[in-house]
1. Which numbered condition trips up Gly131, out of (1) buried (at least 24 other Cβ atoms within 10 Å of the Cβ); (2) farther than 17 Å from Phe368 by Cα?
2. Residues to consider are Thr30, Thr11, Thr92; find the one that is modelled with pLDDT of 75 or more, surrounded by fewer than 24 Cβ atoms within 10 Å (Cβ to Cβ) and either of a type in the set (Ser, Thr, Tyr) or under 30 Å from Arg206 (Cα atoms) (or both).
3. Being within 20 Å of the chain's Cα centre (by Cα), at pLDDT 90 or above, surrounded by fewer than 14 Cβ atoms within 10 Å (Cβ to Cβ) and under 30 Å from Leu359 (Cβ atoms) narrows it down to one of Ala156, Ala162, Ala120, so name that one.
4. From the set of residues in region 325-351 that are surrounded by fewer than 18 Cβ atoms within 10 Å (Cβ to Cβ) and out of contact with any helix residue (DSSP H, G or I) (no Cβ under 7 Å at 6 or more places or on another chain), which is nearest to Val272 (Cα to Cα)?
5. Just checking, which of Ser353, Ser321, Ser309 is closer than 29 Å to Val194 by Cα and either under 19 Å from the mean Cα position of the chain (by Cα) or among the basic types (Lys, Arg) (or both)?
6. Out of curiosity, is Thr151 crowded, with 22+ Cβ neighbours inside 10 Å, in a helix (DSSP H, G or I) and either modelled with pLDDT of 90 or more or small (Gly, Ala, Ser) (or both)?
7. Can you name the condition, by its number, that Ser23 falls short on among (1) at pLDDT 75 or above; (2) hydroxyl-bearing (Ser, Thr, Tyr); (3) buried (at least 19 other Cβ atoms within 10 Å of the Cβ)?
8. Condition first: under 26 Å from Ala90 (Cα atoms) and in a loop (DSSP other than H, G, I, E, B). Now tell me which residues in region 305-330 satisfy that.
Amino acid sequence: MLDSIMRAAPTKDDRSPQSRRVSALPPWSTFGPFVALLVLALGHGSALGVGLGLLLTAMLLLAVLASVHHAEVVAHRVGEPYGTLVLAVAVTVIEVALIVSLMLAGGQAANSLARDTVFAAIMIVCNGVIGLCLIVGGLRHHVMAFRVDGTSPALAALAALAGLALVLPSFTTTTAGPSFSASQLAFAGVASLVLYGIFVFVQTVRHRDYFLPLDANDVESHADAPSNRTAWLCAGLLLVALIGVVGLAKMLAPALKLFSATVGAPESFAGVLIALIVLLPETGAAVRAARNNRMQTSLNLALGSGLASIGLTIPVVAAISPYFAFPLVLGLPPMQMVMLALTLIVGTLTLGSGRATVLHGAIHLVLFAAFLFLAVVP
């Protein structure tokens, strides 16, 4: 699909100087992924001390920033709503890589990591990202407008996926504890992937106009796009950056656990750290869009990331579950179920009218603060 979209778009190489400037890549994004891979290779097999841990953390953040930057360049080339889809999938690939790496390194102690990370991603995007975007955009533009036709089905799909993957396992009786049986997990994985696939089809083909910015004359959406050559270069650099993220995350797995233990947080806090790491760059993109009065783009990024987090993570975890010698814990505890229910209810009220203000943003940020506090002090 990406190949056909790029071929259909007009080439900018021989156009204005502004177009050529858009195609230029900052040096840090070009060389950053390779530097991260070099540090990963040099540090492989070494004891994880404070100095090496800080260096690996810096390289991980550099690789994440570079990967999302290159995804954003490709997104600019293919246009909306394909752009937000590229960003969401790129971030989710990073998230899945981190989850799998930490689960393989942690063994049975990490059997709930997928659940904790997916739940944290939902809380971050639905409360933290949306709340911050509404605050930043509302302070500058007073009232933020968006398309209900796009936000309502996205939130409905998110609620269905969250209930299926994170709530139902606590109430099934085939297996003991908040987990699915093998057949139930397979059904949940297939259902999640199918529902996410249908959402992507609706977003990009059948009802693409529901997810476009309200302002058809928006300057940013009509800015000169990068060339095909630049877009394919960024696609390759994105792959290199993702490989670096996987390797660095695996090396940093003990450090994340140690940090959680040091601050006195439960083991589930590692999932919050993973989600915060991978969603930080995308949060910046969503906030920039809201500041420029492009709230629909911000919501596409936020809700799309939440949907991709469940719709892609659960199928991958279900597919590799036979290789784990322990059952996966997917069902949320009661407190997290309450937080999820509050988030979905408030999100429905916020996104149901097509207009929101700083008050809506403040409500979401309060819920996000409660989530962070309770993650450390359950």
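The values are calculated or read from the model by the stated rules, or taken from the named source; none is laboratory data. Not measured: the values here are computed from a predicted model. Neighbour counts are summed over all protein chains in view; Cβ atoms, including those assigned to glycine, are modelled from backbone coordinates with ideal geometry.
1. (2)
2. Thr30
3. Sole residue among the options that is within 20 Å of the chain's Cα centre (by Cα), at pLDDT 90 or above, surrounded by fewer than 14 Cβ atoms within 10 Å (Cβ to Cβ) and under 30 Å from Leu359 (Cβ atoms): Ala156.
4. Looking at residues that are surrounded by fewer than 18 Cβ atoms within 10 Å (Cβ to Cβ) and out of contact with any helix residue (DSSP H, G or I) (no Cβ under 7 Å at 6 or more places or on another chain), I get Pro333.
5. Of Ser353, Ser321, Ser309, the one residue that is closer than 29 Å to Val194 by Cα and either under 19 Å from the mean Cα position of the chain (by Cα) or among the basic types (Lys, Arg) (or both) is Ser309.
6. It is true that Thr151 is crowded, with 22+ Cβ neighbours inside 10 Å, in a helix (DSSP H, G or I) and either modelled with pLDDT of 90 or more or small (Gly, Ala, Ser) (or both).
7. The one condition Ser23 does not meet is (1).
8. Correct list: Phe324, Leu328, Val329, Leu330.
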